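Asks: If you scroll down you'll find the structure; I have some questions about it.
Just so you know, all these numbers are worked out from the coordinates, no wet-lab data involved. Source: prediction; values computed, not measured. Cβ coordinates were reconstructed from backbone atoms using ideal geometry, including for glycine residues, and neighbour counts include every protein chain displayed.
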Protein chains: 2
Amino acid sequence: MATTTSTKSEPFSAESYFATQPPPSTLDHDIQNVRSFISRQAELGRNVVLVTSGGTTVPLELNVVRFLDNFSAGTRGATSAEYFLQAGYAVVFMHRQFSLQPFSRHYSHSTNPFLDLLEIDDKSHNIGVSSSQSSHLLEVLKTYKAVHNEGRLHTLTFVTINDYLWLLRAVSQELSVLRRRAMYYLAAAVGDFFLPRQKMSQHKIQSGKGSLIIEMDQVPKILKPMVDEWSRDGYIVSFKLETDQDLLIPKARASLERYGHQVVIGNDLNTRKFEVVFVSRDEVGDRSSIKETWLRIDPKSTEAGKEIEEDIIRELVQRHRKWIEGGQTRN
Amino acid sequence: MATTTSTKSEPFSAESYFATQPPPSTLDHDIQNVRSFISRQAELGRNVVLVTSGGTTVPLELNVVRFLDNFSAGTRGATSAEYFLQAGYAVVFMHRQFSLQPFSRHYSHSTNPFLDLLEIDDKSHNIGVSSSQSSHLLEVLKTYKAVHNEGRLHTLTFVTINDYLWLLRAVSQELSVLRRRAMYYLAAAVGDFFLPRQKMSQHKIQSGKGSLIIEMDQVPKILKPMVDEWSRDGYIVSFKLETDQDLLIPKARASLERYGHQVVIGNDLNTRKFEVVFVSRDEVGDRSSIKETWLRIDPKSTEAGKEIEEDIIRELVQRHRKWIEGGQTRN
């Protein structure tokens, strides 16, 4: 086997992780901005969702050339953020550098390149959008400008898993002032393994002769402290991505039971654009059991622009409303 | 040590690599398009440069979730391609999916997002570019449109190191019909290690408990067959990126001596935007020695938009002209 797992090293807890791994240098600055964003939203009585998106990397060297990467274009996160914004939420969009972003995602550099939309007027040298392209762009652009004018979107960038973990903790703690009005939509594809700073090679690993052996530690399970300590009563949605259909439901259920948060959205790598399963607790009276709710769309409808994230967010917004109301009844 | 190299497995040669690793499914289609592009350029008497750009990934699973990634935004390659186009070359731009591209690179999603350039006219609902932004965009857009109208840019995409190696071989073989008029500018950040298909895990590696150990094979040195077999008399420029300044020159010299191509451009990760070193053979009469030529720009000038790639490409275009003339004298 070229890839194996061993059990020889003691796994990091979230606590020992943050005690031994250094925070990113931009953390304080980032969090100040998040704090003022959240306090403006709180004043305006808006619900706020943290959307994490894109993959994380694990640098193998201090002067970084090589990474272990969980690559993700960030389609799920960027698309979801757009539907949250359409539903009136304020969004903290915390994404991997270079992954897709709400609105601009419609015009990537490869598909639908934006320079192709533009025309130069021969006489005035003014630049305009060709009329054939303008109706779709007009919709996107109007929402984009409205969201920015209303100050409802705040963007944060991470690259490594260390950036991600520090940011997630700090943003969650800030967001927790909103209690039940905060949602945490954890769509980023977070790696399971990392290389502690103390074990990293200072310079580029020289290839020389022969093969490379990398031994990595397991990333601590941060959903546990997130539920128990960082986000007070917030509505937490995590994702479980598998390639083996048979593992999807058991692993999603296990995650919900282990961490005690609100929803695990399970998806299979090959069908994730057409179906997802919501795994959540079904509370009937005093009894609580775990239920599964499938959301499916016709694969053909995606050609006409239908996106399953529209249905995911509609469902979550409803559930979140009930969650907020539940809190009000109780308090 | 968390990362070590061992010598137990027999390294792949280029020959055994291509004999055992499957080609990407799109290869034939891609190469047909490259062939007709090159034959149009040949008819028009244009010089053609292959620019490779961005990093490669090594999938660790067949149903890919995890990669080992040599990430690179592709700034060097995308910028260089633009200067080659300005110098009249036709360009085959072979880049990593989602890495930067010539022209659109000026308007990434994060810095200078293009949606911010656009304004909606209140009455006509026409979309235009705000006049404050329009002068820089006008320059970029004019060149972009001219290059496309003249059919001088052909773009190819790769993701994995396997895609890259198969494409590089096939494109080089196509380009070799141009003999000395072809240049190969290998700016992609290619990984040194890979996981042979035969050793890959079918599904997502389960994290379970404990650490992950990955053992990878060394990527074959393809500059050797590239010089000796694939590109007949083409002008080959390779890059050497190091983080340890002391290793830069020795490794660049060793590479030139080993493969016998025309230029190694050495650069240090931390200073690569301000200085590079050309390592090449200095032929005086019958004697041949290796010389180093540094190109440097004032770091302050980059704030005003100066790019070192402008000087790199100017120098290479001159050297390539001499190389072409040398061939004509000899034949």
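Asks: In whole Å, largest first, what are the principal axis extents of the Cα atoms in region A:100-153?
Replies: Sorted largest first, the three principal extents are 39, 25, 16 Å.
Asks: Residues of region A:133-156 with the amide nitrogen closer than 19 Å to a label point 7 Å from the Cα of B:D116, along Cα-to-Cβ, please.
Replies: A:140-156
Asks: Further, regarding this structure: For region B:9-138, what relative contact order do you get, as a whole percent, if you take Cα pairs closer than 8 Å and at least 6 residues apart?
Replies: Details: 129 pairs, mean separation 23.8, N = 130.
Dividing the mean separation by the residue count of region B:9-138 yields 18 percent.
Asks: Going Cα to Cα from A:K240, which lysines come in below 16 Å? Please leave out same-chain ones fewer than 8 positions away.
Replies: A:K221, A:K224, A:K251, A:K273, A:K291, B:K204
Asks: So, one more: Check which residues have an amide H placed less than 5 Å from A:F12's amide H, if you skip close sequence neighbours.
Replies: Correct list: A:Q218.
Asks: Using θ = phi - 60° and the Karplus relation 6.51 cos²θ - 1.76 cosθ + 1.60, list the HN-Hα couplings for region A:72-85 in order, rounded to whole Hz, with x at every Gly or Pro.
Replies: 8, 5, x, 4, 4, x, 5, 5, 4, 4, 4, 6, 4, 5
Asks: Also: Would you mind working out the magnitude of the charge dipole of the protein assembly as shown relative to its Cα centre, with +1 at each Lys and Arg C-beta and -1 at each Asp and Glu C-beta, to the nearest 20 Debye?
Replies: Charge dipole, the protein assembly as shown, about its Cα centre: 360 debye, nearest 20.
Asks: Which chain B residue sits with its beta carbon nearest the axis carrying B onto A, and how many Å away is it, rounded to a whole number?
Replies: With distances in whole Å, chain B gives B:D69, 2.
Asks: Starting at 0 and stepping by 10 Å, how many percent of the alpha carbon pairs of the protein assembly as shown end up in each bin?
Replies: 3, 14, 24, 25, 20, 11, 3, 1, 0, 0
Asks: Loop only by DSSP, 15 or fewer other Cβ within 10 Å of the Cβ. Give me the GluC sites (Glu not before Pro) in region B:126-186 that pass, ordered by residue number.
Replies: B:E150
Asks: A further question on this structure: Return P(r) of region B:13-143 (all Cα-Cα pairs; 10 Å bins starting at 0; whole %; ordered from short to long distances).
Replies: 10, 26, 31, 21, 9, 2, 0
Asks: On to the next question. Counting helices only, and only those DSSP H runs with n ≥ 4, report the 222 nm mean residue ellipticity of chain B as the sum of -39,500 (n - 2.57) divided by its residues, in deg cm²/dmol to the nearest 500.
Replies: Theoretical 222 nm ellipticity from helices: -10500 deg cm²/dmol.
Asks: Continuing with the same structure: In terms of modelled amide H atoms, which long-range or inter-chain residues lie less than 5 Å from the amide H of B:S72?
Replies: Residues meeting the amide H criterion: B:G55.
Asks: Still on this structure: If the label for B:R296 sits 7 angstrom from Cα along the Cα-to-Cβ line, what are its distances to the same label in every other copy, in nm to one decimal, shortest first?
Replies: Listed shortest first, these distances are 6.7 nm.
Asks: If you average over every viewing direction, what projected area does the convex hull of the Cα atoms of chain A give, in nm²?
Replies: 22.2 nm²
Asks: Listed highest first by mean packing, meaning other Cβ atoms within 10 Å per residue, what order do B:222-228, B:316-322, A:212-218, A:49-55 come in? Provide the component values of the computation, followed by the final result.
Replies: On the way: B:222-228: 18.6, B:316-322: 16.9, A:212-218: 21.1, A:49-55: 27.6.
With the highest mean Cβ count within 10 Å placed first, the list reads A:49-55, A:212-218, B:222-228, B:316-322.
Asks: Dipole magnitude of region B:36-189 about its Cα centre, charges +1 at Lys/Arg Cβ and -1 at Asp/Glu Cβ only, in debye to the nearest 20?
Replies: In total the dipole reaches around 680 debye.
Asks: Let's see if you can work this out: charge +1 on each Lys and Arg Cβ, -1 on each Asp and Glu Cβ, no other charges. What is the dipole magnitude of chain B about its Cα centre, in debye to the nearest 20? Each step should come with its number before you reach the end.
Replies: Numbers: 40 positive and 40 negative charges, 120 e Å.
Using Cβ point charges on Lys, Arg, Asp and Glu, chain B gives about 580 debye.
Asks: Between A:Q86 and B:S39, what is the label-point separation in nm under the 7 Å Cα-to-beta-carbon projection?
Replies: Roughly 4.7 nm, to one decimal.
Asks: Work from the charge dipole of chain B (Cβ charges, +1 for Lys and Arg, -1 for Asp and Glu, about the Cα centre) and give the residue of B:T243, B:F12, B:S53 farthest towards its positive end.
Replies: Towards the positive end, the residue furthest out is B:F12.
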